[in-house]
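Participant: Encoded as structure tokens, here's the structure I'll be asking about.
The values are calculated or read from the model by the stated rules, or taken from the named source; none is laboratory data. As the structure is a prediction and not an experimental result, all values here were calculated from the model. Quick reminder, even Gly has a Cβ in these numbers, built from the backbone with ideal geometry, and neighbours come from all protein chains shown. For the accessible areas, the whole protein counts, side chains as well, though only heavy atoms, and no ligand, DNA or RNA atoms are used. Shrake-Rupley method; radii C 1.70, N 1.55, O 1.52, S 1.80 Å.
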2 protein chains.
Amino acid sequence: MSLQHALLGVLEARPMNGYELTRFFDAAPRWVWSAPQSQIYPTLRQMEQAGLIEGQKEIRGTRLKRTVYSITEHGLEELRTWLGTGHTPAPVRDSFSLQALFFDMIDADRAASVLKAYIAEQEQLITEWRAHREALLAKDTDLLKERLKNRPPAEHDRIAGLKANVFAGQVAVAQARVDWARESLRLLAEGV
Amino acid sequence: MSLQHALLGVLEARPMNGYELTRFFDAAPRWVWSAPQSQIYPTLRQMEQAGLIEGQKEIRGTRLKRTVYSITEHGLEELRTWLGTGHTPAPVRDSFSLQALFFDMIDADRAASVLKAYIAEQEQLITEWRAHREALLAKDTDLLKERLKNRPPAEHDRIAGLKANVFAGQVAVAQARVDWARESLRLLAEGV
DNA sequence: ATCTTCATGTAAGCAGTTACATGATTAG
DNA sequence: CTAATCATGTAACTGCTTACATGAAGAT
């Protein structure tokens, strides 16, 4: 269900076609939700059928060039309802922690190299999210600029602050993971 | 793929039947991986076909009573290989952060109530994981006791320490989420 | 000319969810 | 005698992954 709400949230900023949305959800500087191209196009058609979004077909000559989707009143309503509802938590399914749970079964140095790769990966995420947070605070992202056009200027700081705060949270969680992984490296080393 | 490795990791401690495994993966005091009953039985049969585990059928009279699965040499090998390998990180897909990203679209008090529910939920997890960590440190969980029977006593402290540490990590991450959520509540309130 | 970017699609398959179904054994 | 626990199964469906496929437009 969440991909639909993610798409609604993005389209609330401005209308986009499938290609733009694909780049956004597939992008290397990671967001909070990702989705492959093959999932986005069918989902957009589903959402149009459900009346959540509306597709504007652009024709060039005789051929379809692209379909630009915009959020409908119904879509906005659905998004706001979803945002205001507490949802049942996703079941715990943490494949890295699962791996770490059985590190006692392998050599300490092999476990250490897995942990180091994990640290590198989390630090990469931290870098990307931190940059995104800064950009949001400076109101310097494409999407936020578009979004603020439909909002009273008095609220701009608050909106940017709230969104930046989400990425501060992502950074904090990833940092907790890195700290834990470093502590684990120490534990593994002393046990040898 | 991870469910199979989770099952292998559990069965390495001692042989179990589908029902026991179901209770373990479905259990309220949450672990690091969960799975419903309907997924466990077919997966066990798949794994037996692949030679990762071996089912011992217990017959009572003419009827099948239960099938107790134990890990095979091949299963142990597969588990160790998986444990020693760095796996490509799962795509970022955080439905709560997605929700929080658009809190500016709804009333601050509705957003606050969603955050409060999130805090309660994370604190519940913290309680469960903290208890599990303590139990592991005290070598006082059913599974750990079984597992240690096949390990040299000199390593018992180290093994328990490593496993407990994983749950310390879960707690730390959940705590980071709670701290972030509390900070967000403050941000929402001051913006009004 | 050829390579990249723009733009959209399909199809097979796996993992996980929800729900239904059956029957034996054990405890109160 | 009845309810809870033990024990195993299936079937439909949704969400996501991997991979293949096509073609126009713009850049070098």
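Participant: Quick check on B:R80: is it without any contact (Cβ under 8 Å) to a residue 40 or more places away in the chain, more than 13 Å from DNA strand C (Cβ to nearest atom) and open to solvent by 80 Å² or more (accessible area, probe 1.4 Å)?
Facilitator: In short, yes.
Participant: While we're on this one: Would you mind stating whether B:R110 is part of a helix (DSSP H, G or I) and away from DNA strand D (no atom under 16 Å from the Cβ)? Lay out the reasoning, then the answer.
Facilitator: On the way: part of a helix (DSSP H, G or I): yes; away from DNA strand D (no atom under 16 Å from the Cβ): yes.
Yes: the conditions hold for B:R110.
Participant: May I ask you to say which residue of A:S38, A:S70 is within 30 Å of A:F167 (Cα to Cα) and either in contact with a Lys or Arg (Cβ under 6 Å, 6 or more places away or on another chain) or within 12 Å of DNA strand C (Cβ to nearest atom) (or both)? Break it down stepwise before answering.
Facilitator: Working: A:S70 fails: either in contact with a Lys or Arg (Cβ under 6 Å, 6 or more places away or on another chain) or within 12 Å of DNA strand C (Cβ to nearest atom) (or both).
Criteria check complete, one pass: A:S38.
Participant: Out of segment A:39-55, which residues are open to solvent by less than 20 Å² (accessible area, probe 1.4 Å) and of a type in the set (A, V, I, L, M)?
Facilitator: Hits for segment A:39-55 are A:I40, A:L44, A:M47, A:L52, A:I53.
Participant: Could you tell me how many of the residues in segment B:109-162 are more than 27 Å from B:P15 (Cβ to Cβ), touching a residue at least 24 places away in the same chain (Cβ under 8 Å) and of a type in the set (A, V, I, L, M, F, W, C)?
Facilitator: Looking only at that region, the number is 6.
Every residue, every condition in (1) open to solvent by less than 20 Å² (accessible area, probe 1.4 Å); (2) within 17 Å of B:V173 (Cα to Cα); (3) within 8 Å of chain A (Cβ to nearest Cβ), yes or no:
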{"residue": "B:L76", "(1), (2), (3)": "no, no, no"}
{"residue": "B:D94", "(1), (2), (3)": "no, yes, yes"}
{"residue": "B:D107", "(1), (2), (3)": "no, no, yes"}
{"residue": "B:A120", "(1), (2), (3)": "no, yes, no"}
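Participant: Under the condition of being without any contact (Cβ under 8 Å) to a residue 60 or more places away in the chain and within 14 Å of DNA strand C (Cβ to nearest atom), which residue from segment B:8-19 is surrounded by the most Cβ atoms within 10 Å (Cβ to Cβ)?
Facilitator: Pass one, segment B:8-19, residues without any contact (Cβ under 8 Å) to a residue 60 or more places away in the chain: B:15-19.
Cutting the leftovers down to within 14 Å of DNA strand C (Cβ to nearest atom) gives us B:17-19.
Details: B:N17: 16, B:G18: 19, B:Y19: 13.
Ranking the qualifying residues of segment B:8-19, first place goes to B:G18.
Participant: If you go through segment B:25-38 one residue at a time, do you hit one that is more than 14 Å from chain A (Cβ to nearest Cβ) and either open to solvent by less than 30 Å² (accessible area, probe 1.4 Å) or within 12 Å of DNA strand D (Cβ to nearest atom) (or both)?
Facilitator: First, pick out the residues of segment B:25-38 that are more than 14 Å from chain A (Cβ to nearest Cβ): none.
Among the residues of segment B:25-38, not one is more than 14 Å from chain A (Cβ to nearest Cβ) and either open to solvent by less than 30 Å² (accessible area, probe 1.4 Å) or within 12 Å of DNA strand D (Cβ to nearest atom) (or both), which makes the answer no.
Participant: A further question on this structure: Which condition number does A:L44 fail, the rest of (1) more than 12 Å from chain B (Cβ to nearest Cβ); (2) more than 11 Å from DNA strand C (Cβ to nearest atom) being met?
Facilitator: Condition not satisfied by A:L44: (2).
Participant: If you don't mind, there's one more thing I want to ask. Going through A:L148, A:L144 one at a time, which residue ends up being within 22 Å of A:A28 (Cβ to Cβ) and aliphatic (A, V, I, L, M)? Break it down into steps so the answer makes sense when it comes.
Facilitator: Numbers: A:L148 fails: within 22 Å of A:A28 (Cβ to Cβ).
Being within 22 Å of A:A28 (Cβ to Cβ) and aliphatic (A, V, I, L, M) holds for just one of A:L148, A:L144, which is A:L144.
Participant: Quickly run through segment B:161-192 and pick out the residues that are touching a Lys or Arg at 6+ places or on another chain (Cβ under 7 Å) and in a helix (DSSP H, G or I). So that I can check it myself, show each step before the final result.
Facilitator: Initial filter on segment B:161-192 (touching a Lys or Arg at 6+ places or on another chain (Cβ under 7 Å)): B:164, B:167-168, B:171, B:173, B:191.
Within segment B:161-192, B:A164, B:F167, B:A168, B:V171, B:V173 meet the criteria.
Participant: Filter segment B:120-160 for residues that are polar (S, T, N, Q) and in a helix (DSSP H, G or I); which is farthest from A:A111 (Cα to Cα)?
Facilitator: Just the residues of segment B:120-160 that are polar (S, T, N, Q), to begin with: B:122, B:124, B:127, B:141, B:150.
From what is left, the residues that are in a helix (DSSP H, G or I) are B:122, B:124, B:127.
Working: B:Q122: 28, B:Q124: 30, B:T127: 28 Å.
Step by step, filter segment B:120-160, then rank; the result is B:Q124.
Participant: So, one more: Using beta carbons and a limit of 8 Å, which pairs, at least six apart or on different chains, have the first residue in segment A:47-72 and more than 14 Å from chain B (Cβ to nearest Cβ) and within 16 Å of DNA strand D (Cβ to nearest atom) and the second one at pLDDT below 95 and open to solvent by less than 80 Å² (accessible area, probe 1.4 Å)?
Facilitator: Going by the 8 Å Cβ cut-off, the qualifying pairs are A:L64/A:E58; A:K65/A:E58; A:R66/A:E58; A:T67/A:E58; A:V68/A:E58.
Participant: Something else now. Going by the structure shown, is A:L98 touching a residue at least 60 places away in the same chain (Cβ under 8 Å), open to solvent by less than 30 Å² (accessible area, probe 1.4 Å) and either within 13 Å of DNA strand C (Cβ to nearest atom) or not small (G, A, S) (or both)? Let's see the steps before the verdict.
Facilitator: Numbers: touching a residue at least 60 places away in the same chain (Cβ under 8 Å): no; open to solvent by less than 30 Å² (accessible area, probe 1.4 Å): yes; either within 13 Å of DNA strand C (Cβ to nearest atom) or not small (G, A, S) (or both): yes.
When the stated conditions are applied, A:L98 does not pass them.
Participant: Further, regarding this structure: Which of the residues spanning segment B:144-192 are at the interface with chain A (Cβ under 7 Å from one of its Cβ atoms) and modelled with pLDDT under 95?
Facilitator: Of everything in segment B:144-192, just one residue is at the interface with chain A (Cβ under 7 Å from one of its Cβ atoms) and modelled with pLDDT under 95, namely B:G191.
Participant: Right, next: How many residues does segment B:136-192 hold that are closer than 24 Å to A:R182 by Cα and of a type in the set (A, V, I, L, M)?
Facilitator: 15
Participant: Collect the residues in segment B:1-23 that are within 11 Å of DNA strand D (Cβ to nearest atom) and not polar (S, T, N, Q), keeping them in residue-number order.
Facilitator: Looking only at segment B:1-23, we keep the residues that are within 11 Å of DNA strand D (Cβ to nearest atom), and these are B:1, B:16-23.
Within segment B:1-23, B:M1, B:M16, B:G18, B:Y19, B:E20, B:L21, B:R23 meet the criteria.
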